[in-house]
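Bear in mind these aren't lab numbers, they're just calculated from the coordinates by the rules spelled out. Worth saying up front: this structure is predicted, and the values here are computed from it rather than measured. Note: ideal-geometry Cβ built from the backbone for every residue, glycine included; neighbour counts use all protein chains shown.
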Amino acid sequence: MAATDASSTFVASSGEGYELLMGRWSRRLAEPFLDFSGCADGERVLDAGCGTGNLAFALAGRCNVDSIQGIDFSAVYVKEAAAKNDDPRIAFREGDICALPYGDATFDRVLSLLVLHFVPNGATAVSEMRRVARPGATVAATVWDARGGLVANRMYFDAAAALNPKGNERRARNFTRPMTRPGELAAAWRAAGLKDVREAELLIRMQFVSFDDYWAPYLGKDGPGAEYMATLNEREREQLQEAVRNAYLDGEGDGPRSYAAIAWAVAGIA
C-alpha cells in the first residue's frame, strides 16, 4: 500500500519501486554529495531520510565511521534497506525527520539526500537536523533542481501539462516544491542558525537503455509521476505515453539516452 504521512508528500509503495524510480540515481548522486559534505573516520552519522539506504552504504564504503543511523518515514523503504545491510555499523529505522527520535548533540555529521523537497514543514526538519548535531558538526543536504536541472523528469511533466489541465497543475506542484529554487537551501540553513554555510551544484547523468527503461517507473506506484498516472483513464495514459515516447525518441530510433540531472547542495556547521 502506498504510504504518506505528515512528514512527507512522497508516495512510497515498495523498495523495488523506489530503486527503479530513484535508487539507481541516488546511488550515483551520493558520491558527489559526499565529496561535498565530507566524512571522517570515527564519526557517528545520521542519514535523515535514508530511503533504501544508498547514501548510508556509500558513506560506509568511504570512511571508517563509528556508526550510521538511517531513518525514513517509509516502512517499506526501511525494510528494503535493512534487507540489503550486512554492515554492523549501520542501522535503519522508521521515523519522522520533523521529530527525530535522538537526543540533542548526538551526531558528528547529519546528512540528507533527496528528501527535504518532499517535507511540507522543511524548517522543522532542518531545525531537527541541527538539534541532533553536536557543536562543530557538519549538517548537509541535497535536493533536485526540479524546475531547471532535471531533464528526464521535465520531459514527462511538460508532456502531461500540454495534454491535460490537471497535468499542468501537477507540473506546477512538482516544480515549486520547497527548497528547490536557487538559494532556498542556504536560506533555510542560515535561518536554522547554522554557520559557515556553503552551496554547490552537483551534476550526474541519468542514463536509460531504452524508452521502456525510462517509462517503467511511471507504471509503478512510487513517486510523483506514478501518482499522477494513477489519476488518468486508459485513453489519457495512452496519450501521455505516446507524447513522452516522442520526446524520448527525438526523431531517432529507440535506444540509449543520457540526460543531465542537477541537484542543489548545502552544508553548514552546527
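Taken along the Cα-to-beta-carbon direction at a fixed 7 Å, the label points for Asp212 and Ala82 span 3.5 nm.
Given a cut-off of under 8 Å on Cα pairs at least six residues apart, what relative contact order in percent is computed for the chain? Reported relative contact order: 22 percent. Relative to the longest principal axis of the Cα atoms of the chain, the long axis of helix 122-131 lies at roughly 30 degrees.
Here are several values of Cα extents along the principal axes in Å: (i) 53, 43, 32; (ii) 51, 49, 41; (iii) 55, 38, 32. Which one was derived from the coordinates shown? Answer by label: (iii).
Report, in degrees rounded to the nearest 10, the 0 to 90 angle that the Cα long axis of helix 151-163 makes with the longest principal axis of the chain. Computed tilt is about 50 degrees. Under the criterion of Cα pairs below 8 Å and six or more residues apart, the relative contact order for the stretch 126-270 equals 45 percent. As a proxy for reagent exposure, ranking Tyr218, Tyr18 by other Cβ atoms within 10 Å from fewest up yields Tyr218, Tyr18. So which lysines pass the test for Lys166, namely a Cα distance under 28 Å, with those fewer than 8 places away in the same chain ruled out? Answer for Lys166, where 28 Å is the Cα cut-off: Lys221, listed by chain and number. In this structure the amide hydrogen of Phe92, modeled in the peptide plane, comes within under 5 Å of the amide hydrogens of Gly70, none closer than 5 places in sequence on its chain.
Roughly speaking, what is the centre-to-centre gap between the stretch 139-160 and the stretch 22-72 when only Cα atoms are used, to the nearest Å? The stretch 139-160 and the stretch 22-72 have Cα centres spaced 22 Å from each other.
Annotation: peptides 223-236, 146-159, ranked by per-residue average of other Cβ atoms within 10 Å with the highest first, follow the order 146-159, 223-236. Pick out, from Met179, Ile90, Ala75, the residue whose Cα sits farthest towards the positive end of the charge dipole of the chain, with +1 on the Cβ of Lys and Arg and -1 on the Cβ of Asp and Glu. Selected residue: Met179.
Run the dipole for the stretch 66-165 about the Cα centre, Lys and Arg Cβ at +1, Asp and Glu Cβ at -1, nothing else charged, and hand back the magnitude in debye, nearest 20.
That gives a dipole near 160 debye.
Remark: the chain carries a charge dipole of roughly 580 debye about the Cα centre, counting +1 on each Lys and Arg Cβ and -1 on each Asp and Glu Cβ. Within the chain, Cys50, Cys98 have no other Cys Cβ under 4.7 Å of their Cβ and so lack a disulfide-compatible partner by this rule. Pull out a ≥ b ≥ c, the square roots of the eigenvalues of the alpha-carbon gyration tensor of the stretch 16-151, then state rounded if a/c is under 1.5, prolate if not and a/b is larger than b/c, and oblate in the remaining case. Here the stretch 16-151 falls in the rounded category. Putting +1 on Lys and Arg Cβ atoms and -1 on Asp and Glu Cβ atoms, find which of Pro135, Leu55, Val115 reaches farthest to the positive end of the dipole of the chain. Looking along the dipole axis, the top candidate is Pro135. Between Arg134 and Glu201, the C-beta separation translates, for a Förster distance of 25 Å, into a calculated FRET efficiency of about 0.30.
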